[in-house]
Amino acid sequence: MVAKTMEELVSLCKRRGFLFQSNDIYGGIKGLYDYGPMGVELKNNLKQAWWKSMVYERDDTEGLDASILSSPVVLKHSGHEDTFSDPLVDCKTCKARFRADQLNNSECPRGGLLSNCKVKELTEPRPFNLMFKTAIGPVDDGSSFAYLRPETCQQIFTNFKNILDSTSRTVPFGIAQIGKAFRNEITPRNFIFRVREFEQMELEYFVKPGDDDLIHDAWVQKRLNWWGQQGVPMDSIELYDVPKEELAHYSKKTVDIMYKFPHGVEELEGIANRTDFDLGSHSKKQKDLNIKADVLENKNSNSKLAIQDDNGDWVVPFVIEPSAGVERGFLAILNEAYHVEQLEDDKTRVVLKLAPHLSPVKVAIIPLKKNNNEIVQLAKNVKNDLQKLGLGRIIFENTGNIGKSYRKHDEIGTPICITIDFESLEDKSVTIRDRDSMEQSRMSIQEISSFVIKKLKS
C-alpha cells in the first residue's frame, strides 16, 4: 500500500528525520531540502545500490566524479546556453511568477485567492535561463564566470578521451557518475520531486553507430529490472515513448520510466539515445568526423572525441544515457514502502517495508532497562560486534520504552530489532523482532551475526 497523499510522506520525513526544509529556522528556501540522519542513510544506500549495479557488477564501466562548476564554453557547445530555459510569466497585480507551460489558461492561478489580483493580467511569456551563474576569481566584473552544472553528463563527455587514454576501454563501454546538479526552477513543486539542487545518477554508454537501437532497448529493460529490485513494482510504472516533437534537441529516441507518485504520474528515469551529438559537439575538426547530428561549429576544443574503426577511420560513438534523479528515486521508494497497518488492539502502525539493502538502519539493539548497567553493557557489546560486520548502520537504542522503540524503527524501516533483557544475562540469548511480521523469537548471541547477514541479504 502506497501513501494516499504527499502530506503523509512529508509528515513522516520530518517526524523521523528523513528530510527537513533547508534553512528552516529562517523561514526556509523553496526548492531546497536537507537530508536528516535517516534520510542521508537511505539516500546513500540508494546511490550505493545504483553504483553497485552500474559499476561493480559490470565489466564495461568506469566511474567519474567531475567538477560541479562548468565552463561557459562547454554549455555553449552542449546547447544549454541557447535552449536551457523555461517560459516565464508574471502576474501584473500580485507579482507572482509562473511557468507559462504549467498554466491551464492565461489567468493568474492566484486570482481566486487574492481579492486584489485581477484575472487575465499576466505578462507575455519570456525565456528564463535555468542555469546558476557564479563569478570566478577575486573580481566580480562579469568577465570571468562559470555555471553550476545543470546536469552531470557534460563532464563525462569532456573526459571521454581522458578515460580512454588512462584505461583499456574500447567501445562499447560506459562512464558512470553520481553528482549534484543545479537548476533555477521557476516553481519548485511536489516536495522533493522538483527542486533547485538535486543529484543525478547517470550512465553514458558509448556504442558504435548502428548498434544503438538494440542497446537502447536493452537498457530500458535493465533499468526496469533494477527499479523492481529497489521495491518499485511494475504496476506502479508506465513507459512513455517520447514523441518526436517532444524530444530533446540531442535525442533520437527517449523512453521515460513514469512512476505513479502521490501527486500524479511523472518521470522517474529517462533512457535516451543521444546519438553522436555530445561527443561530436565537443570535438575539434568536426568536418573530418562524419558527425550525423546537427552540431555547432567548435573552434575551442583541442581534442578529437572519436575512436578509430578497423579501417583506421575516425568514428564518433553514439551515446545511450540512462539518467535518474536521486530525489525522485528516494520519493518513489519511500512511497512504495509506506504502509499503514491495522493492529489487533484497534490501533494502527506506520511501517516502511524497505528492501533491507536500502534501510537506513539495519539493526536496532534495544536494552529492556536503560538504567541496568549489565543489560546496557551487554547490548553495547552486541551492537559493537554487529557493527564490525560492515553491513551498514547499527543503532544502540537506549530509550527505556520498548514499545515506542519498536514503533520508531517500524517507521524508519529497520528490518531487525534485538532486545537485550534480564534473561539475556543468564542464558546469553536475545529477542529478535521482525519488522514486517512483528514476530518475535529467542536466539543465542552466538547466532546473531550469521542470522543478521542472511536476513539482510535476502
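The values are calculated or read from the model by the stated rules, or taken from the named source; none is laboratory data. Remember, predicted model here, so these are calculated numbers, not experimental data. All Cβ positions, glycine included, derive from the backbone under ideal geometry; neighbour counts span all protein chains shown.
Just one of (1) within 29 Å of Gln221 (Cβ to Cβ); (2) in the same structural domain as Lys47 (by TED's automatic domain parsing); (3) surrounded by fewer than 22 Cβ atoms within 10 Å (Cβ to Cβ) fails for Ile320. It is (3).
Of the strands (runs of 3 or more DSSP E) lying entirely inside segment 343-458, the ones with 1 or more residues being surrounded by fewer than 15 Cβ atoms within 10 Å (Cβ to Cβ) and touching a Leu at 6+ places or on another chain (Cβ under 9 Å) are found at 348-352. The set of residues in segment 381-407 that are closer than 21 Å to Arg16 by Cβ and among the acidic types (Asp, Glu) contains only Glu397. Among the residues in segment 182-203, are any acidic (Asp, Glu) and touching a Cys at 6+ places or on another chain (Cβ under 9 Å)? Yes: one or more hits.
Is there a residue in segment 254-263 that is within 26 Å of Asp211 (Cβ to Cβ), aliphatic (A, V, I, L, M) and outside any helix (DSSP H, G or I)?
Just the residues of segment 254-263 that are within 26 Å of Asp211 (Cβ to Cβ), to begin with: 254-257.
With aliphatic (A, V, I, L, M) added as a condition, the list becomes 255, 257.
Imposing the further condition that a residue be outside any helix (DSSP H, G or I) reduces the set to 255, 257.
So far as segment 254-263 goes, yes, one or more of its residues are within 26 Å of Asp211 (Cβ to Cβ), aliphatic (A, V, I, L, M) and outside any helix (DSSP H, G or I).
Each residue in segment 271-317 was checked for being under 18 Å from Asp213 (Cβ atoms) and surrounded by fewer than 12 Cβ atoms within 10 Å (Cβ to Cβ), and 0 pass.
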